[in-house]
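Report on the structure given below.
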Amino acid sequence: MNASAHGIWVEVDDLVDVGESQDAYVFYGHGHDPASFALPAMNQTYLMTPDGQKILTKMDKEVGKWFVGYGQVGDVGVSPLTTFWPGNYVYVAQRAPSYSNTTLRLTYSAAEAVINAGDDNSSSFKSGLPVEITPDKPLYRIKNKENVTFSIKYNGQQVNASYSAFPQMTDTKVQKGFTGDKDSFVINFNQTGLWLLTCYYDIKGDGKWTATYDSSSRAFKTGDVVAYNTTRYSTVLSVWVRK
């Protein structure tokens, strides 16, 4: 996992009052190069409620928006959200499948962020994604210099998955590895601010995909049928680390 690669992530206020409304933001690009932000082809955005309801959300694309800490950025997605009940919500932004004609890999990737409404002390949440990431403590309680254990499961099963974590604004300080014969790993959060924790699982197997959009690199266009030999499922979790 190369931290400098383009990636999708979301930003929300992760600790709110019950009934509070806010905008969730979807970014794609390099954290250290805000002017280059440009949304990829998207599938859908939704909010998972504490009781497991999946609520589809509207996402508008805004261009040239000003953000504190970024300045004027390129494209960004904006979704209005309201957390009506206490508990953990998960905001999810799913990309359309991406295809590499060099690695013959089809990738399903999504970004997620957890919103705790009412400070209910729970660390559990469900995103509804194939790759689920679970911390051993509430995300909003993670502080600088803490070691936190996470587990990864694919469709509820333990797998040998890959993980990578780093502060969102830097290409360095990457912590990465594979879960091997267990589904858990430890991250040392040694810096305050936003961290991106990426977990993915690859499945070998031949298949064909019909493109639903035109590739920006011109590798394929809408309607093309392309062959792949690996399917990757990737989840990017936003983690705010406090002082």
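Taking the chain as a Gaussian network of alpha-carbon nodes connected by springs under 10 Å, the highest mean-square fluctuation of the residues Phe166, Phe150, Phe67 belongs to Phe67. What label, among [x] 0.99; [y] 1.12; [z] 0.95, belongs to Rg/Rh (Cα atoms, Kirkwood Rh) computed from the structure on display? Only one listed value fits the structure, namely [z]. In the chain, the DSSP beta bridges split such that about 85 percent are antiparallel, to the nearest 5.
Among Arg232, Arg141, the ranking by other beta carbons within 10 Å of each residue's beta carbon, starting with the fewest, stands as Arg141, Arg232.
Length gained on full extension, Val18 to Ser184: 56.6 nm, using 0.36 nm per residue less the C-alpha separation.
For the cross-link pairs Lys58/Lys176; Lys61/Lys204; Lys126/Lys182; Lys54/Lys173; Lys173/Lys221, the ones whose C-alpha atoms lie over 31 Å apart are Lys58/Lys176; Lys61/Lys204; Lys54/Lys173; Lys173/Lys221.
Which whole-number percent gives the relative contact order of the stretch 87-243, counting Cα pairs below 8 Å spaced six or more residues apart?
27 percent
A short reminder: the numbers here are calculations on the coordinates, not readings from a lab. Quick caveat: nothing in here was measured; it's all calculated off a predicted structure. Using ideal geometry, Cβ is built from the backbone for each residue, glycine included, and neighbour counts are taken over all protein chains shown.
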